[in-house]
Amino acid sequence: MYGLVLEGGGARGAYHIGAYKAIKEEGIEIGGIAGTSVGAINGAMIVQGDYELAYELWQEISFPMVISTNDEEVERLRHLRLDKEDLSFLVDKVKDVINDGGLDITPLKNLLNTYIDEDRIRSSDMDFGIVTVNLTDFKSIEVFKEEIPKGKIKDYILASSYLPSFKKEKLDGKRYLDGAFYDNLPFKLLQSKGYEDLIFVRTNARGLTRKLKDKANAIVISPSEELGNTLDFDKEIAKRNLQLGYYDGLKVLRGLKGNKYYIQPKGEDYYFDLLTSIDENKLNKLRGIIRTRDVPDKRAIFEYIIPKLASALGLERNFDYEDFILALLEKRAESLDIDVFQIYSYEDLLQLVKQARKNSGIEDKGNSLISAVASLFNKDETILKVVDIILNIS
């Protein structure tokens with residue numbers, strides 16, 4: 001049985017629930033969850049059996065559901081240009097927050113009171129642990145549900161989510177701080193319970209994280225794209241992050257390939273054979289774009305063309321031929337706005353790209369275009385021209 005670790009991250013928390021959907025669909029059994037901040041909130045809803053409800057809530061999330069403030073001010077704060085007028089506005093808002101004691105999180109409290117069920121959390125077979133910081137006593141708090149006093153689970157979850165900008169309030173006479181300031185990825189809690197197999201769901205939010213010394217038993221699901229600001233409680237962003245978490249989860253759990261897209265693996269040999277099958281006509285076209293030394297036949301492909309293309313595509317040094325060909329295909333797919341959130345075979349995605357390019361009305365301007373852009377190899381249009389030659393896209 002696996003232990004699930006949910007990293008804090010505010011509005012990025014939709015990613016957790018998308019990833020959990022993938023974990024659930026893959027039939028992976030979770031025995032315990034540890035979370036910080038929004039990870040504690042999401043973890044509580046999963047433990048009490050309300051994953052579907054959590055999914056629905058994230059689809060409808062908005063700033064007023066979490067913090068009480070003026071919608072116009074929220075939008076301005078989210079899109080500050082930091083010019084003189086905006087800086088003046090920001091200073092005034094900070095003064096207001098300080099004078100009023102901080103941001104009003106009454107909506108968040110109401111949300112917890114409505115959707116967190118302490119009895120169901122306690123009766124669940126799943127372990128549940130959270131992290132917060134006791135500011136009054138200057139100590140970290142790492143607790144499991146059985147260590148939390150009766151009737152206080154919601155308070156501890158709130159304490160785990162308490163940012164410094166929130167109104168200064170006390171819980172049982174003491175002040176608390178968001179658990180991210182001590183441990184934003186609390187896997188050690190689950191290790192203390194004997195969990196050896198762990199699944200991490202990252203948000204890449206700011207906070208202290210401990211190093212996992214032995215990663216052999218850890219599965220890490222992390223965002224393939226930016227998730228947005230930690231205070232961007234916007235339903236459209238959340239919907240996208242739900243999808244991103246789901247497909248990123250499937251990518252890790254199923255061993256899918258691709259950077260931006262989700263592609264079923266075929267193995268490096270398949271793509272090596274594809275590269276070796278490039279004929280003389282294609283090779284001459286490639287030589288017209290990528291200046292190579294006078295190297296005969298296929299050596300030019302492997303010694304000069306592939307390294308230069310890989311560098312232009314930003315591939316890591318340890319890339320293999322599968323990484324290379326899929327990066328080419330993804331580059332063209334992205335240029336044609338092919339839907340990202342779908343699992344593709346290589347052949348299916350290639351066929352979609354060919355059809356989309358045909359329908360796009362893009363003209364092949366031949367050697368004149370090649371000559372015009374040969375000296376600007378880093379330009380997207382030149383890379384796409386190379387992609388079309390190698391993958392036979394026209």
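The values are calculated or read from the model by the stated rules, or taken from the named source; none is laboratory data. Being a predicted model, the structure only gives us computed values, none of them experimental. Cβ coordinates were reconstructed from backbone atoms using ideal geometry, including for glycine residues, and neighbour counts include every protein chain displayed. Note: areas computed on protein heavy atoms with side chains; ligands, DNA, RNA excluded. Shrake-Rupley method; radii C 1.70, N 1.55, O 1.52, S 1.80 Å.
The table below lists the values:
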{"quantity": "Qualifying residues in the stretch 126-175 (those that are open to solvent by 60 Å² or more (accessible area, probe 1.4 Å) and either assigned to a strand (DSSP E or B) or small (G, A, S) (or both)) - the one modelled with the lowest pLDDT", "calculated": "K174"}
{"quantity": "Criterion (open to solvent by 80 Å² or more (accessible area, probe 1.4 Å) and at pLDDT 95 or above) met by exactly one of D294, D348, D323, D364", "calculated": "D348"}
{"quantity": "Total residues in the stretch 6-41, condition β-branched (V, I, T) and either under 16 Å from K145 (Cβ atoms) or in contact with a Cys (Cβ under 7 Å, 6 or more places away or on another chain) (or both)", "calculated": "4"}
{"quantity": "The stretch 105-131 residues that are within 15 Å of T69 (Cβ to Cβ) and in contact (Cβ under 8 Å) with a residue 12 or more places away in the chain, paired with ones that are basic (K, R) and open to solvent by less than 80 Å² (accessible area, probe 1.4 Å) (beta carbon under 7 Å, 6 or more apart)", "calculated": "I105/K167"}
{"quantity": "Answer residue from the stretch 1-50, given it is among the charged types (D, E, K, R) and farther than 17 Å from D125 by Cα and is most open to solvent (accessible area, probe 1.4 Å) among those", "calculated": "E25"}
{"quantity": "Flag for G255 being touching a residue at least 24 places away in the same chain (Cβ under 8 Å), at positive phi and surrounded by fewer than 16 Cβ atoms within 10 Å (Cβ to Cβ)", "calculated": "no"}
{"quantity": "Qualifying residue in the stretch 278-291 (condition: surrounded by fewer than 18 Cβ atoms within 10 Å (Cβ to Cβ), within 30 Å of I199 (Cα to Cα) and touching a helix residue (DSSP H, G or I) at 6+ places or on another chain (Cβ under 6 Å))", "calculated": "no"}
{"quantity": "All positions within the stretch 319-352 that are among the acidic types (D, E), under 20 Å from D269 (Cβ atoms) and touching a residue at least 12 places away in the same chain (Cβ under 8 Å)", "calculated": "D320, E322, D323"}
{"quantity": "Residue ID - farthest from N42 (Cα to Cα), chosen from residues in the stretch 110-125 that are open to solvent by less than 70 Å² (accessible area, probe 1.4 Å) and touching a Lys or Arg at 6+ places or on another chain (Cβ under 8 Å)", "calculated": "E118"}
{"quantity": "Where D248 falls short, out of the listed (1) under 26 Å from P186 (Cα atoms); (2) without any contact (Cβ under 8 Å) to a residue 60 or more places away in the chain; (3) part of a helix (DSSP H, G or I); (4) of a type in the set (D, E, K, R)", "calculated": "(2)"}
{"quantity": "Residue under evaluation D337, criteria (1) part of a helix (DSSP H, G or I); (2) loosely packed, with under 11 Cβ neighbours inside 10 Å, criterion not met", "calculated": "(1)"}
{"quantity": "Residue count for the stretch 258-269, restricted to those that are touching a residue at least 60 places away in the same chain (Cβ under 8 Å) and not aliphatic (A, V, I, L, M)", "calculated": "7"}
{"quantity": "For E316: the one exception among (1) free of Cβ contacts under 8 Å to residues at least 60 places away in the same chain; (2) over 30 Å from Q243 (Cβ atoms)", "calculated": "(2)"}
{"quantity": "Filter result (closer than 23 Å to L108 by Cβ and under 9 Å from the mean Cα position of the chain (by Cα)) within the stretch 222-251", "calculated": "L227, N241, G245"}
{"quantity": "Qualifying residues in the stretch 193-208 (those that are over 17 Å from the mean Cα position of the chain (by Cα) and in contact (Cβ under 8 Å) with a residue 12 or more places away in the chain) - the one least open to solvent (accessible area, probe 1.4 Å)", "calculated": "L198"}
{"quantity": "The listed residue being surrounded by fewer than 21 Cβ atoms within 10 Å (Cβ to Cβ), within 30 Å of G13 (Cβ to Cβ) and among the charged types (D, E, K, R), out of D273, D248, D269, D234", "calculated": "D234"}
{"quantity": "L315 being at pLDDT 90 or above and open to solvent by less than 80 Å² (accessible area, probe 1.4 Å)", "calculated": "yes"}
{"quantity": "The one condition in (1) modelled with pLDDT under 95; (2) of a type in the set (A, V, I, L, M, F, W, C); (3) outside any helix (DSSP H, G or I) that I370 fails to fulfil", "calculated": "(3)"}
{"quantity": "Evaluation of Y270 against (1) outside any helix (DSSP H, G or I); (2) under 24 Å from L352 (Cβ atoms); (3) not charged (D, E, K, R) (one fails), failing number", "calculated": "(1)"}
